[in-house]
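Just below is one structure, and these are the notes that go with it.
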Amino acid sequence: MKKGLFLILLTVSLLNPKTGNAQFDEDQLGAWYMYFFNADFNESQFGVQGDIQYRNWDIASDLEQLLLRGGLTYRPTNANIKFTLGYGNITTGAFGSNNATTAESRIYQEALFPVKFGNRFYTSHRFRYEQRFVENQDFRTRYRYNLFLNVALNKPEMEQNTLYLALYNELFVNGQRAIGDGNSVEYFDRNRFYAALGYMIKKELKVQVGVMRQTTDNWGKNQLQLSLHHNITTSNTKS
């Protein structure tokens with residue numbers, strides 16, 4: 001129990017509260033609608049995972065980003081870790097009535113390491129390295145670390161009909177500052193802190209509703225998040 005409380009305090013402490021001037025309305029609540037999936041091939045160490053995210057500057061109509069991402073996963077034998085090699089396609093929209101968009105292709109590698117504490121505390125450490133090809137910018141890389149924590153509330157285990165608390169904190173660090181045409185970015189890219197309630201509909205399907213606070217050196221903004229998490233199971237059928 002003490003370990004679980006420590007992890008909650010550590011996650012909250014990682015939140016970077018810096019805010020400042022931005023070219024959009026920081027007080028306007030945005031919304032991200034997301035679908036995550038993963039599947040392990042039957043009797044194989046390989047699988048696939050991915051996500052579709054529709055992000056808005058506001059609740060519904062002002063496109064911030066459309067993100068399509070997928071990758072091939074690998075689980076080593078007798079090791080509780082999962083590696084992913086993936087690709088993402090991201091369309092970023094301008095704030096307000098401006099309909100301009102920017103395209104990005106992104107290759108990424110990640111390692112996901114889950115750790116369970118006691119009966120109710122489920123943590124995961126995710127390390128991700130990205131190679132980013134942003135329209136009209138120089139190639140650059142980015143490092144990401146995410147600490148996830150799910151806490152079962154009405155049951156001692158994460159099983160069907162479990163209500164749970166979902167927290168995460170993710171730190172983004174740029175690998176390079178120069179992005180072309182004399183422009184540059186900071187090494188600290190952004191921080192995301194998220195708190196939500198989740199419900200496990202069944203073992204393979206859960207839903208979460210919460211708020212994510214995203215901050216950079218210059219601005220901070222709250223985002224409503226609604227997400228569906230789907231573990232796709234495969235099995236052999238014999239006739």
Checklist entry - Considering only DSSP states other than H, G, I, E and B, which chymotrypsin sites (Phe, Trp or Tyr not before Pro) in segment 28-110 qualify as loop sites with at most 13 other Cβ atoms within 10 Å? => result Phe41
Item to check | Rg/Rg_ref, the chain, where Rg_ref = 2.2 N^0.38 Å and atoms are Cα | outcome: 1.06
Item to check | Virtual spin-label span in nm between Tyr87 and Glu157, 7 Å along Cα→Cβ | outcome: 4.0
Item to check | Cut-off 13 Å between beta-carbons: net charge of the residues surrounding Trp32, Lys and Arg +1, Asp and Glu -1 | outcome: 0
Next on the checklist: Shape verdict for segment 144-203, please, from the Cα gyration tensor: rounded (a/c under 1.5), prolate (a/b greater than b/c) or oblate.
Outcome noted: prolate
Checklist entry - By how many degrees, between 0 and 90 and to the nearest 10, does the Cα long axis of helix 2-13 differ from the longest principal axis of the chain? => result 10
Next on the checklist: Quick check for you: which residues of segment 67-82 have the amide N under 17 Å from the point 7 Å beyond the Cα of Thr234 toward its beta carbon?
Outcome noted: 70-76
Checklist entry - To the nearest 0.05, how large is the calculated FRET efficiency for Ala178 and Ser124 if R₀ is 35 Å and r is the Cβ-Cβ distance? => result 0.60
Checklist outcome for this item: Scoring only Lys, Arg, Asp and Glu (+1, +1, -1, -1) among other residues with Cβ under 10 Å from the Cβ of Asp58 yields -3
Item to check | Sites Leu72 and Glu104 - FRET efficiency at Förster radius 22 Å, r taken between beta-carbons, to 0.05 | outcome: 0.60
Item to check | Length gained when the stretch Ser44-Ala60 is fully extended (0.36 nm per residue, less Cα-Cα span) | outcome: 1.7 nm
Item to check | 10 Å beta-carbon shell around Ser124, net charge (K/R +1, D/E -1) | outcome: +3
Checklist outcome for this item: Cα-Cα longer than 18 Å, checked against Lys155/Lys206; Lys82/Lys206; Lys116/Lys202, kept in input order, equals Lys82/Lys206; Lys116/Lys202
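Let's test the formula: R0 of 35 Å, r as the Cβ-Cβ distance of Trp219 and Ala79. What FRET efficiency results, to the nearest 0.05?
0.30
Coordinate-derived values only; no laboratory data. Since the model is a prediction, treat every value here as computed from it, not as a measurement. Cβ atoms come from the backbone with ideal geometry, glycine included; neighbour counts cover every protein chain shown.
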